[in-house]
Structures are given as C-alpha cells and as structure tokens.
Ligand SMILES: [Ca+2]
Ligand SMILES: [Ca+2]
C-alpha cells in the first residue's frame with residue numbers, strides 16, 4: 001500500500017514535469033507561429049510594394065507622347081522651390097534643364113519663382129528627363145518640362161521662362177539643345 005502511494009506520488013510528479021515540458025513546447029510553438037505570421041505580414045507588404053512599382057512601370061509605358069516621343073515621367077507639382085526648381089510626385093525634385101533663374105536675394109528671384117508657380121504648381125507636368133546624366137550634383141532630375149496648354153499642345157516651361165525674361169539659357173552638355181526648342185509642342 002505504502003509503495004502504491006509512493007508510486008502514485010512519483011507518477012504525479014512525473015506527470016507534472018511532463019505537463020510543464022509540453023507547456024514549454026506549446027509556448028515555443030506559439031512564438032514560432034507568431035514569428036511566421038510576422039514574416040508573412042512582411043512578405044505581403046513587400047508584395048504590395050512590388051505591385052506598386054510594377055503598376056508605375058506599366059503606367060510609364062503608356063505615357064503620353066509629346067513632340068513625337070513618349071515623355072519620361074508624368075508627375076504632379078506640389079511645391080515650387082524657385083524659378084528653375086520644383087518638387088513633384090512621384091518624381092521628386094526637378095531642375096529645369098539648360099536654363100538659370102536668379103538665386104534667392106538676387107534681382108528677379110521673386111518674379112521668376114512666382115512665374116514658375118503660376119505655370120506649374122498644382123498641375124500635371126510631363127518630364128523629358130536628361131538621358132545623359134539624369135540628375136545634377138544635388139540629385140535633382142534635370143528635365144525639359146511640359147505643361148498642358150490646350151487640347152492639342154503643351155508648353156515648353158523651360159523656354160517659356162526664357163522668353164518671358166525670367167531665365168537665361170545655359171546650355172550644359174546633356175540631351176537637350178535649347179536652340180531646337182519650340183514654345184508649343186504637339187501632344188502627339
Ligand atoms: Ca529624356
Ligand atoms: Ca544642353
């Protein structure tokens with residue numbers, strides 16, 4: 001009888017330890033599955049990002065044609081920085097190619113900034129990005145910028161700034177030759 005009690009006690013203790021071990025395993029399994037869940041979530045976020053990029057690329061392939069060639073980027077201007085620089089989505093900071101406008105503090109700075117603001121701020125722009133260098137030393141996309149003029153034509157913003165005496169031509173070595181620019185360009 002005494003042996004029976006001792007055996008029962010031993011079994012109880014063993015059972016307790018076994019239960020503890022199983023609990024331990026279960027809790028480990030739970031944390032593994034939580035990790036897996038996190039990994040799955042991360043993977044799905046990555047998939048969403050990839051899809052977004054792919055969609056952008058598809059949209060780029062369907063970009064409108066200006067002056068006989070598909071524009072590089074279509075973007076929305078949300079801030080004009082000065083007479084030759086603006087920020088747009090999704091392209092980021094853009095610098096008008098081959099033109100210069102007055103720096104802050106120089107005569108004509110405010111007029112040039114306001115002129116560019118009037119022309120492009122809040123609007124859709126069509127960017128012909130410089131195929132040769134793409135960006136300048138400040139990581140701005142060097143571009144000839146077009147904005148809608150009417151149903152059939154866009155305006156070359158770079159040339160418009162020059163013709164309205166807000167900018168001077170400064171012909172850098174890049175894709176563009178200001179001597180070949182036209183103010184109005186067909187949307188085909
Ligand atoms: Ca280009
Ligand atoms: Ca040039």
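Answer yes or no as to whether residue 120 is more than 14 Å from ligand 1 (Cβ to nearest atom) and surrounded by 16 or more Cβ atoms within 10 Å (Cβ to Cβ). Steps first, answer last, please.
On the way: more than 14 Å from ligand 1 (Cβ to nearest atom): yes; surrounded by 16 or more Cβ atoms within 10 Å (Cβ to Cβ): yes.
Yes.
Kindly evaluate residue 127 against the criterion of being surrounded by 20 or more Cβ atoms within 10 Å (Cβ to Cβ), more than 16 Å from ligand 1 (Cβ to nearest atom) and in the same structural domain as residue 74 (by TED's automatic domain parsing). Explain how you work it out, then say what you get.
On the way: surrounded by 20 or more Cβ atoms within 10 Å (Cβ to Cβ): yes; more than 16 Å from ligand 1 (Cβ to nearest atom): no; in the same structural domain as residue 74 (by TED's automatic domain parsing): yes.
It is false that residue 127 is surrounded by 20 or more Cβ atoms within 10 Å (Cβ to Cβ), more than 16 Å from ligand 1 (Cβ to nearest atom) and in the same structural domain as residue 74 (by TED's automatic domain parsing).
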Name the single residue that is nearest to the chain's Cα centre (by Cα) among those in the stretch 130-160 being within 16 Å of ligand 2 (Cβ to nearest atom) and in a strand (DSSP E or B). 141
Within the stretch 161-185, track down each residue that is assigned to a helix (DSSP H, G or I) and either away from ligand 1 (no atom under 16 Å from the Cβ) or over 12 Å from residue 96 (Cα atoms) (or both). 161, 162, 163, 179, 180
What number of residues within the stretch 62-92 are surrounded by fewer than 13 Cβ atoms within 10 Å (Cβ to Cβ), within 16 Å of ligand 1 (Cβ to nearest atom) and closer than 19 Å to residue 134 by Cα? 1
Given the structure, is residue 145 on the phi > 0 side of the Ramachandran plot and either surrounded by fewer than 12 Cβ atoms within 10 Å (Cβ to Cβ) or in the same structural domain as residue 70 (by TED's automatic domain parsing) (or both)? no
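The values are calculated or read from the model by the stated rules, or taken from the named source; none is laboratory data. Keep in mind that what you see is a predicted model, and the values were worked out from it rather than measured. Because the Cβ atoms are built from the backbone with ideal geometry, glycine has one as well, and the counts that use them run over all protein chains shown.
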